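A.B. asks: One structure, as structure tokens, below. Some questions next.
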Amino acid sequence: MKLKSRYRIFIIAGIFVGGFILLGKMVFFPSTYIPAKFTEARLEGAAIAQKIVALSGGALASLEKISEYDKNGETAEALILISQQLIANRVTQEEAVNLSRQLEKMARFLSSIKPSNARQKAMEAITSEVALVSRLISYNDYLKQLFEVLSAKFNHRYSNIYESRDQVGGLIQKVNEEAQAINEFDGRFNKALAELDKIVL
């Protein structure tokens, strides 16, 4: 009987020790881990990206009107509208700088994310937003070129009206393409983070 009691005590003690070891492993060496600073930067970055997408969406509506003005020979009206859009784009550029800062913070804590497949999804999210910022730079550049062409046309610096019209149409198309790319990369960013959440939550 004493032998059985000893075995029982050893078994119970083993269960307790094993439980404490498991608890310690979960606390100090968790199988899933997302740094709080990464989450903070992620949330801030996502909010900024949404602002950028909304601003570029508003620009697309303005571009349709600009194209309409240009086709109707209303160059002055087109020039006023593109001027307003360039002013609005200053806000977009400021948001792009803010987004870059948040992406830098996310990248700083990337190596601490567990498990490795969660870290991979976080990397995909960061890469998508870096691409978004890159396309935003191109978007702003094409918009400035469009303003210059319309300004030259308004000041009668084009001898061939059809040449300027082709340039305006081509630049509007490029701005549209960049805006669509911005939307696409933001979608990839959100998808990667949603997959990250499925892994760690």
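Bear in mind these aren't lab numbers, they're just calculated from the coordinates by the rules spelled out. Remember, predicted model here, so these are calculated numbers, not experimental data. FYI the Cβ positions are ideal-geometry reconstructions off the backbone, even for glycines, and counts take in every protein chain you see.
A.B. asks: Looking only at segment 167-183, count every residue that is under 17 Å from Thr127 (Cα atoms) and of a type in the set (Val, Ile, Thr) and tell me the total.
C.D. replies: Total meeting the criteria: 1.
A.B. asks: Still on this structure, I have one more. Are there any pairs with C-beta distances below 6 angstrom linking a residue in segment 57-80 that is closer than 16 Å to Lys144 by Cα to a residue that is surrounded by 17 or more Cβ atoms within 10 Å (Cβ to Cβ) and among the hydroxyl-bearing types (Ser, Thr, Tyr), with the two at least 6 apart or on different chains, and if so which?
C.D. replies: Ala78/Tyr69
A.B. asks: Same structure, new question: Can you give me the number of residues within segment 94-145 that are hydrophobic (A, V, I, L, M, F, W, C), within 30 Å of Leu63 (Cβ to Cβ) and buried (at least 18 other Cβ atoms within 10 Å of the Cβ)? Break it down stepwise before answering.
C.D. replies: Applying the first criterion (hydrophobic (A, V, I, L, M, F, W, C)) to segment 94-145 yields 96-97, 99, 103, 106-107, 109-110, 113, 118, 122-123, 125-126, 130-133, 136-137, 143.
Then drop every residue that is not within 30 Å of Leu63 (Cβ to Cβ), which leaves 96-97, 99, 103, 125-126, 130-133, 136-137, 143.
Cutting the leftovers down to buried (at least 18 other Cβ atoms within 10 Å of the Cβ) gives us 96, 99, 103, 125-126, 132-133, 136, 143.
Residues flagged as hydrophobic (A, V, I, L, M, F, W, C), within 30 Å of Leu63 (Cβ to Cβ) and buried (at least 18 other Cβ atoms within 10 Å of the Cβ) within segment 94-145 amount to 9.
A.B. asks: Which residue is surrounded by the most Cβ atoms within 10 Å (Cβ to Cβ), if the candidates are limited to segment 74-93 and must be in a helix (DSSP H, G or I) and of a type in the set (D, E, K, R)?
C.D. replies: Looking at residues that are in a helix (DSSP H, G or I) and of a type in the set (D, E, K, R), I get Glu77.
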